[in-house]
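The values are calculated or read from the model by the stated rules, or taken from the named source; none is laboratory data. Quick caveat, the model's predicted, so the values are computed rather than measured. Using ideal geometry, Cβ is built from the backbone for each residue, glycine included, and neighbour counts are taken over all protein chains shown. Side chains included, ligands, DNA and RNA excluded: accessible areas come from the protein's heavy atoms. Shrake-Rupley method; radii C 1.70, N 1.55, O 1.52, S 1.80 Å.
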Amino acid sequence: MKVIIVGGLAGSGKTTMILKLSKRFSDAGQRIGVIVQETGDVDYDEGTLHEMGIKKKDIESVCIPCSLDADIINNIQALQEEFRPDLVFIEAEETVLPVRIKADLQRMMMESMQIAPMITMVDAKEFPLEIPMLLRYARIQVEETDIICLNKVDMADNERTSRLKTMFKDLNSKAIILEMNAKEGTGISELVDSLGLN
């Protein structure tokens, strides 16, 4: 079971990207689980998920960090016991640091669990262009991630996209930066390659 933690601000395209990846792997015969902390503009419609063979677990009390950790661990264990997924996505609420979720998962480390590279989704049109303008949790998400998905690039001009890439390289020189339009599915194949899931 591989676990992919997805962070990013509200509206950055986390749910859309997860649904695109989930459908791709579900169509290839893999069993997919999704753990959701945040309901965004795009919802995980139960009928659609059922058709795709995806099992979803919602997490309650997202405002309470101590119970949040326990809920993620409990949901991972429940998914494993009930569904035995090949791949599990954890969609983090925007103020929750994915790197902290990763540390919690590493402490519990089930034998069958592997943690894939972390993803941070960024809205290319709305994300601040200067480091001092970043909220602390947004900056840490960029600094601590493995892959930055610059989403909605079709809605941002080239200069803005270039400035964002430069800022991200300054904050996290090791991260892979991908351009995508999750809604249209462009950039998804490159993300799959970067995750090492082929």
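Worth pointing out:
- With the simple spin-label model, which puts each label point 7 Å out from Cα in the Cβ direction, the residue 80 to residue 157 separation comes to 5.1 nm.
- Multiplying the residue separation of residue 166 and residue 126 by 0.36 nm and subtracting their alpha-carbon distance yields 12.8 nm.
- Rounded to whole Hz, the Karplus (6.51, -1.76, 1.60) HN-Hα couplings of the range 96-104, x for glycine and proline: 8, 7, x, 5, 6, 4, 4, 4, 5
- Under Karplus coefficients 6.51, -1.76 and 1.60, residue-wise ³J(HN,Hα) of the range 138-152 in Hz, glycine/proline x: 5, 5, 5, 4, 6, 5, 9, 8, 9, 10, 9, 9, 7, 8, 6
- Of the cross-linked pairs 125/169; 20/169; 23/183, those separated by over 21 Å at the C-alpha level are 20/169.
- Whole-percent carbon and sulfur share, accessible surface of the range 78-167, 1.4 Å: 46 percent
- Residue 31 long-range amide H proximity, modeled H, under 5 Å: 86, 87
- Per residue accessible area of the range 154-198, 1.4 Å probe, in Å²: 60 Å²
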